[in-house]
Amino acid sequence: MFEYLPNIIFVVVLFLGLYFFSRNLLRLYRNINLGKQINVSDNKKQRFVNMLKIALGQGKLIKRPVSGFLHVVVYVGFVVINIELLEIVLDGILGSHRLFSGFMGSFYGYLIGTFEFLAVSVIFAVSVFWIRRNVIKLKRFFGDNMNGWPKNDANIILYFEVVLMVLFITMNATDLKFQEMNSGNLISGYVAGFFSDYSSETLHFIERACWWAHIIGILIFMNYLYFSKHLHILLGFPNTYFAKLNSLGEIDNLNSVTNEVKLMMDPETAFSNDASESDEIDKFGSSDVMDLNRLQLLNSYSCTECGRCTSVCPANITGKKLSPRKIMMDTRDRIEEVGKNIDLNNGNFVDDGKTLLNDYITKEELWACTSCNACVQECPISIDPLSIILDMRRYLVMEESSAPLELNNMMSNIENNGAPWPYNQMDRLNWKE
């Protein structure tokens with residue numbers, strides 16, 4: 001019975017880790033589905049290609065060669081190395097040791113050697129990222145909304161990755177069977193020299209300790225993702241798949257509004273064949289997260305907080321309060337608040353007197369936006385902060401009649417004169433003066 005105790009403990013630890021991970025995924029799925037349904041079932045081929053190019057191929061990141069290359073190293077290295085988790089899991093369940101080495105032969109050594117090279121590359125890249133963030137202090141990593149948890153979260157992930165890679169290499173270096181199999185020719189073989197004075201019992205203890213710490217660390221990392229900006233590791237794929245395919249300058253219209261305009265212009269052809277009662281809505285625009293669509297909520301959870309969007313925002317550059325990154329972070333924080341409200345009230349949302357508009361995002365931020373789409377263009381995983389800004393501005397104009405004086409004047413001129421300028425149609429050319 002006692003000989004199977006490690007296997008039983010491993011299965012229990014694995015089960016608990018996967019249980020909490022699946023529970024977090026279900027909570028995430030529930031929160032995203034608080035948004036309105038949106039049709040993103042078109043152009044499946046193009047969407048799949050975009051996902052491969054942007055999420056898997058890191059296509060938009062490599063536009064910045066240095067940081068892009070280092071990010072690819074971390075991404076590829078971390079993903080490929082964790083293929084070994086399959087062997088670790090099987091070893092833990094079956095009580096075996098390096099199960100795959102039995103049928104892979106010498107290729108097994110080359111495979112683990114490749115993993116070790118990637119592990120060292122990841123450690124180097126992560127070290128550079130830490131220096132850029134904490135020593136050089138690149139401007140885009142900082143801001144009023146990046147203090148406290150966002151700043152700590154970024155560093156915690158870097159420490160996590162270094163520790164996991166060190167555990168992996170140390171585990172190999174202290175595994176006598178593995179080192180004898182590969183004659184110490186791998187990176188772990190050189191590291192093994194530091195343990196040359198240790199007894200075989202001590203080496204076995206260190207190897208087992210690293211083995212357990214590695215798998216437990218991976219399970220903790222998986223469950224930590226839900227609370228971290230690094231949730232994009234998982235959500236980057238669906239986010240790029242469902243991302244907007246139309247021209248960035250194209251703004252969606254409400255069918256109910258479009259039909260009203262058509263009715264005024266040409267009553268006989270006002271309503272299209274596909275128009276229906278479902279086009280009628282109770283509320284124009286968005287004031288809270290439940291008014292946004294599911295893609296916008298997915299966007300907020302996918303945000304990497306890298307600051308690329310804010311660094312190119314012309315409003316932010318000129319000192320305005322607007323930060324596209326903050327828009328996404330505020331949206332995610334509000335979804336989490338709503339989700340906790342639902343959990344505390346047996347699955348029902350109880351009005352808490354708060355909204356995304358005003359309590360999280362101010363009117364000043366919204367009206368500072370120039371609608372230039374620079375933030376959308378720059379985002380490495382196709383997040384669209386502008387769509388949230390436009391929906392909230394639509395609410396301000398159409399529900400609260402709250403717009404800047406300049407905009408109200410422009411809309412009045414369009415209604416009265418057919419142009420944004422205060423001249424009647426006969427004097428329309430006066431604007432050039």
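Within region 47-61, is even one residue in a helix (DSSP H, G or I), touching a residue at least 60 places away in the same chain (Cβ under 8 Å), within 30 Å of Ser127 (Cα to Cα) and among the β-branched types (Val, Ile, Thr)?
Yes, region 47-61 has at least one match.
Would region 63-83 turn up any residue that is of a type in the set (Lys, Arg) and in contact (Cβ under 8 Å) with a residue 60 or more places away in the chain?
no
Taking interchain pairs and intrachain pairs at least six residues apart, which have beta carbon atoms under 7 angstrom, with the first residue in region 300-319 and under 30 Å from Leu34 (Cα atoms) and the second surrounded by fewer than 24 Cβ atoms within 10 Å (Cβ to Cβ) and among the aromatic types (Phe, Trp, Tyr)?
Filtered contacts from region 300-319: Gly307/Phe141.
Does any residue in region 144-166 that is closer than 16 Å to Ser121 by Cβ come within less than 6 Å, Cβ to Cβ, of a residue that is of a type in the set (Lys, Arg) and surrounded by 15 or more Cβ atoms within 10 Å (Cβ to Cβ) six or more places away or on a different chain, and which pairs are these?
none
In this structure, is Ile206 assigned to a helix (DSSP H, G or I), closer than 26 Å to Phe117 by Cβ, over 19 Å from the mean Cα position of the chain (by Cα) and free of Cβ contacts under 8 Å to residues at least 60 places away in the same chain?
yes
One line per residue, one yes/no per condition, for (1) farther than 16 Å from Pro380 by Cα; (2) surrounded by 14 or more Cβ atoms within 10 Å (Cβ to Cβ); (3) polar (S, T, N, Q):
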site: Ile62; (1), (2), (3): no, yes, no
site: Ser67; (1), (2), (3): no, yes, yes
site: His71; (1), (2), (3): no, yes, no
site: Val74; (1), (2), (3): no, yes, no
site: Phe78; (1), (2), (3): yes, yes, no
site: Ile83; (1), (2), (3): yes, no, no
site: Phe100; (1), (2), (3): yes, yes, no
site: Met104; (1), (2), (3): yes, yes, no
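If you scan region 345-357, which residues turn out to be outside any loop (DSSP other than H, G, I, E, B) and either at pLDDT below 95 or touching an Asp or Glu at 6+ places or on another chain (Cβ under 6 Å) (or both)?
The first filter runs over region 345-357 and keeps only residues outside any loop (DSSP other than H, G, I, E, B), leaving 356-357.
Selection gives Leu356 alone.
Might you let me know whether region 128-146 holds any residue that is surrounded by 14 or more Cβ atoms within 10 Å (Cβ to Cβ), modelled with pLDDT under 85 and in contact with a Lys or Arg (Cβ under 9 Å, 6 or more places away or on another chain)?
Within region 128-146 (the criterion being surrounded by 14 or more Cβ atoms within 10 Å (Cβ to Cβ), modelled with pLDDT under 85 and in contact with a Lys or Arg (Cβ under 9 Å, 6 or more places away or on another chain)), the answer is yes, since at least one residue qualifies.
For region 376-433, give me each residue that is touching a residue at least 60 places away in the same chain (Cβ under 8 Å) and of a type in the set (Lys, Arg).
Matches in region 376-433: Arg393, Arg394.
The values are calculated or read from the model by the stated rules, or taken from the named source; none is laboratory data. For clarity, every value in this text was computed on a predicted model and none was experimentally measured. Here Cβ is always computed from backbone atoms with ideal geometry, including for glycine, and neighbour counts include all displayed protein chains.
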